[in-house]
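The values are calculated or read from the model by the stated rules, or taken from the named source; none is laboratory data. Note that the structure is predicted; figures quoted are calculated from it, not measured. Quick reminder, even Gly has a Cβ in these numbers, built from the backbone with ideal geometry, and neighbours come from all protein chains shown.
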């Protein structure tokens, strides 16, 4: 799965390499001007940019999805837990998060499409109902991956 860099407003970064696979989805996530974390007194705060930074962020998003799937609601609803840990499974989850725009062949990841329930009717529901909706969305996407 290819991960490319995007700016904070979702535009593809100018330093991205050419898309390596035209027949597959090429996801883009924040990778420009990401604030560094100061881990000790010798490290210098600042900002970093690059596709490697975007890849770290995409991996963090994937980890949040997997963590959610292991919680109570996820265990009840997401039947195919193992599939979630595959490239094909996570690719379907990322496709659900993608903005669908065509920015030079890159699909920007918008995690709140899955993780925060961006639909107004869903946001009005209680926490348990929203969490169930998220789990159902993940489960549907994994089912697409099984059929694909």
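Of note:
- Within the stretch 132-142, one or more residues are buried (at least 18 other Cβ atoms within 10 Å of the Cβ), modelled with pLDDT under 85, out of contact with any strand residue (DSSP E or B) (no Cβ under 7 Å at 6 or more places or on another chain) and within 27 Å of residue 7 (Cβ to Cβ).
- Residue 62 closer than 14 Å to residue 109 by Cβ, out of contact with any helix residue (DSSP H, G or I) (no Cβ under 6 Å at 6 or more places or on another chain) and either surrounded by 13 or more Cβ atoms within 10 Å (Cβ to Cβ) or at pLDDT below 90 (or both): no
- Matching option when the condition is modelled with pLDDT under 90, surrounded by fewer than 11 Cβ atoms within 10 Å (Cβ to Cβ) and under 25 Å from residue 140 (Cβ atoms), among 72, 96: 72
- Checking each residue in the stretch 6-45 for being crowded, with 17+ Cβ neighbours inside 10 Å, within 15 Å of residue 94 (Cβ to Cβ) and in contact (Cβ under 8 Å) with a residue 40 or more places away in the chain picks out 6, 26, 27, 28, 29.
- Only residues that are farther than 11 Å from residue 107 by Cα and at pLDDT below 85 were counted across the stretch 2-16, and they come to 1.
- Residue 54 crowded, with 16+ Cβ neighbours inside 10 Å and assigned to a helix (DSSP H, G or I): yes
- The lone exception for residue 45 - which of (1) within 28 Å of residue 138 (Cβ to Cβ); (2) in a loop (DSSP other than H, G, I, E, B); (3) touching a strand residue (DSSP E or B) at 6+ places or on another chain (Cβ under 9 Å) it fails: (1)
- Note on the stretch 75-86: among residues that are assigned to a helix (DSSP H, G or I) and within 11 Å of residue 138 (Cβ to Cβ), the one that is modelled with the highest pLDDT is 77.
- Check on residue 66, in a loop (DSSP other than H, G, I, E, B), without any contact (Cβ under 8 Å) to a residue 40 or more places away in the chain and at negative phi: no
- Cβ separations smaller than 7 Å between residues 6+ apart or across chains give the following pairs from the stretch 74-87 residues that are free of Cβ contacts under 8 Å to residues at least 40 places away in the same chain and at negative phi to residues that are surrounded by 14 or more Cβ atoms within 10 Å (Cβ to Cβ) and assigned to a helix (DSSP H, G or I): 81/69; 85/66.
Here is a yes/no grid of residues against (1) assigned to a strand (DSSP E or B); (2) within 16 Å of the chain's Cα centre (by Cα); (3) more than 25 Å from residue 144 (Cα to Cα):
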| site | (1), (2), (3) |
| --- | --- |
| 8 | no, yes, yes |
| 14 | no, no, yes |
| 27 | yes, yes, no |
| 62 | no, yes, no |
| 88 | no, yes, no |
